[in-house]
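Have a look at the structure below, then the notes.
The values are calculated or read from the model by the stated rules, or taken from the named source; none is laboratory data. This one's a predicted model, so the numbers in the text were calculated from it and none came from an experiment. Please note: Cβ atoms are built from the backbone with ideal geometry, for glycine as well, and neighbour counts cover all protein chains shown. Ligands, DNA and RNA are excluded from the accessible area calculation, which covers all protein heavy atoms including side chains. Shrake-Rupley method; radii C 1.70, N 1.55, O 1.52, S 1.80 Å.
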Amino acid sequence: MNRKKLMQQKIARQQSILNNAKTAHRDLNAEEQSEFDALQREIEQLAAEIEEEERQAEQQEVTSEQAVATSQQTEERSAEIIQQERSRISEITALCREFGMEKDLQKFISGGNSVESVRSAVIEHMRQNGAPLNSRVSVETDEQDKFRNAASDAMLLRSGLKVERPAAGARDMMGMTLRDLAIESLAAEGQTGLNRKSADEIFMMVQRQFFNPTAAFPAILDNAINKAYMEGHKTVPVTFDKWVKKGTLKDFKIHDNYYLAGPAGEFLKVEEGGELKHDTWKDDKRPTRKLETYGRQFTLTRQAFINDDIDLITKLPSRYAASARKTQNKQAYSKLIKNPVIYDGAKLFDKAHKNLLAKGTGITREATQGMIMALSNQTDEFGEVCIIRPAVMIVPSGYAFDIYTLFNSATINTEGNTQAVNPLYKYRESIEIVEDPTINALCGGYGNQMPWWLLGNKEDTDFMEIDYLNGQEVPNIRRSEIPGTLGFVWDIYLDWDITVMDYRGAIKNPGIVVENPIELA
């Protein structure tokens with residue numbers, strides 16, 4: 001017999017012994033107490049066995065997942081080790097050449113010496129040769145970092161992007177071209193005769209530094225791109241995050257264990273000496289979620305470098321950052337417009353869901369009141385009233401004018417031309433108006449029917465959710481090498497998914513045909 005079922009039977013037997021004694025208004029007798037204690041020992045033993053079974057099952061699942069993860073980690077670790085070795089060799093080579101220790105270079109590399117041990121050898125070399133005992137390496141590293149920060153900020157300032165507290169010297173470098181910055185970077189690394197070289201020759205020299213972690217010019221480009229990218233992500237004017245809830249997933253598996261616990265049962269009156277009634281919980285499954293990866297790639301080409309096309313390093317990354325957010329914005333509004341079939345087999349806005357007005361209207365008091373009532377009277381999977389507070393009204397561009405008039409007027413005219421209290425006036429602060437031209441574009445523009453929606457408070461219901469991998473909302477950006485490509489290449493990618501979680505969180509008004517209020521030339 002199943003251990004859990006057997007344990008339930010023994011618990012039920014214990015409860016029966018207690019009930020018999022309680023009915024007779026007495027304590028347990030010796031025989032009953034002995035049986036009760038024996039049952040308790042058996043229950044505790046069964047509980048321990050059940051816990052061990054669950055632990056072993058969980059361990060087997062974890063072991064299976066770890067096997068896959070270990071394979072991936074091995075590949076990643078191999079790539080990381082290769083990169084670390086390249087970095088070690090590069091830094092040791094730079095140190096030995098800088099301080100005249102080329103004769104020891106091969107010994108340090110083949111001997112597996114760490115960069116720190118080589119630095120110690122450099123200091124000892126400086127002491128024996130009478131060089132001043134200063135941290136020249138550290139000083140040079142600090143100076144290189146200052147130069148890189150100033151150069152990347154100078155590129156952003158030159159392109160017109162906002163830079164809060166630019167690095168010292170950035171404004172003095174704003175007039176420098178990409179070729180100038182590359183020459184400065186190479187000169188700081190010991191290269192000579194650079195001013196006599198063409199822009200093409202300089203480009204070939206800096207491209208050969210692609211995998212050198214200490215090379216200044218690729219690092220300057222990375223710094224500028226990341227700063228421009230963050231600015232673009234921060235300032236893009238999207239609206240989906242005002243009504244789409246944020247979530248997180250840890251991997252790319254299909255997550256189908258999103259269950260909703262049923263409501264707590266109503267409290268029942270207990271008569272004097274009566275018993276409390278046991279409540280039984282119910283669960284209901286919600287839709288599955290699975291992350292997808294989205295991305296783009298762009299290149300600072302050889303021609304762009306020679307032409308000093310600084311916008312490829314500054315404005316273009318900013319636009320890609322904005323594009324990532326706009327893509328999410330469009331996906332969220334597409335679900336509202338396209339009305340897809342969702343987890344229960346019906347369309348998102350459907351008669352079966354009681355969240356769709358039978359006839360579309362413009363922005364009217366009657367329609368708004370009806371949508372508020374429809375939203376607040378929704379019931380959950382278990383037949384209980386949801387009590388959803390209206391919080392967001394989503395409208396196409398141009399609708400908001402009528403909405404503000406409707407909500408912000410304290411009185412209204414009645415049929416008798418008298419002033420009466422406007423019942424919608426109290427919602428002027430509690431309902432946020434979200435106006436987005438993405439709706440207009442998805443509906444085909446003016447001359448087409450455009451719907452509008454009323455959504456509940458995020459705390460009351462989960463209408464729509466966007467999940468990110470480990471909660472990371474800002475896209476990843478990395479420098480990548482493409483064989484046969486004359487240029488520096490960057491990959492941009494982000495993992496997310498947008499899912500309708502509960503249709504009860506929104507009411508749709510199909511709207512009316514919207515004409516352009518003005519005639520354009």
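Some points to look at:
- Along region 423-438 the Karplus relation, 6.51 cos²θ - 1.76 cosθ + 1.60 evaluated at θ = phi - 60°, assigns HN-Hα couplings of x, 8, 4, 5, 8, 4, 9, 8, 9, 8, 8, 10, 10, 9, x, 4 Hz to successive residues, with x for each Gly and Pro.
- Aspartates and glutamates with Cα under 17 Å of Lys335, excluding same-chain neighbours fewer than 8 positions away: Asp241, Glu292, Asp344, Asp350, Glu435, Asp436, Asp462, Glu465, Asp467, Asp497, Asp502
- Protection proxy ranking of 294-306, 174-186, 313-325 - average other beta-carbon atoms within 10 Å, highest first: 313-325, 174-186, 294-306
- Sulfur and carbon atoms: percent of accessible area, region 158-201 [1.4 Å]: 43
- Under a 5 Å amide H cut-off, with hydrogens placed 1.01 Å from N, Ser480 pairs with Val489, Trp490, Asp491 among residues at least 5 apart or on other chains.
- Over 25 Å (Cα to Cα) - which of Lys290/Lys359; Lys246/Lys338; Lys246/Lys326; Lys245/Lys315; Lys250/Lys351; Lys253/Lys508 fall in this group: Lys290/Lys359; Lys245/Lys315; Lys250/Lys351; Lys253/Lys508
- Label point at Asn339 placed 7 Å out along Cα→Cβ; residues across region 356-384 whose backbone nitrogen lies under 16 Å: 356-362
- Hull-based mean projected area of region 446-521, where the convex hull spans the alpha carbons, in square nanometres: 11.0
- Additional length obtainable on full extension of the chain from Glu366 to Glu271, 0.36 nm per residue less Cα span: 29.4 nm
- Between the amide H of Asp497 and those of Glu292, Asp467, distances stay under 5 Å, these residues lying 5 or more places away or on another chain, with hydrogens modeled in the peptide plane.
- Qualifying lysines (Cα of each under 30 Å from Cα of Lys5; at least 8 residues distant if same chain): Lys22, Lys277, Lys282, Lys285
- Here, region 326-459 yields an orientationally averaged convex hull projection of 9.9 nm² when only Cα atoms define the hull.
- Proximal aspartates and glutamates to Lys234, defined as alpha-carbon separation beneath 13 angstrom and excluding residues fewer than eight positions away on the same chain: Glu473
- In sequence order, region 55-60 has phi-based couplings of 5, 5, 5, 5, 5, 5 Hz under the Karplus curve 6.51 cos²θ - 1.76 cosθ + 1.60, θ = phi - 60°, and Gly or Pro positions carry x.
- Estimated from the Cβ-Cβ distance and a Förster radius of 22 angstrom, the FRET efficiency linking Met373 and Arg428 is about 0.75.
- Positive minus negative residues near Arg478 (Lys, Arg vs Asp, Glu; Cβ under 9 Å): -1
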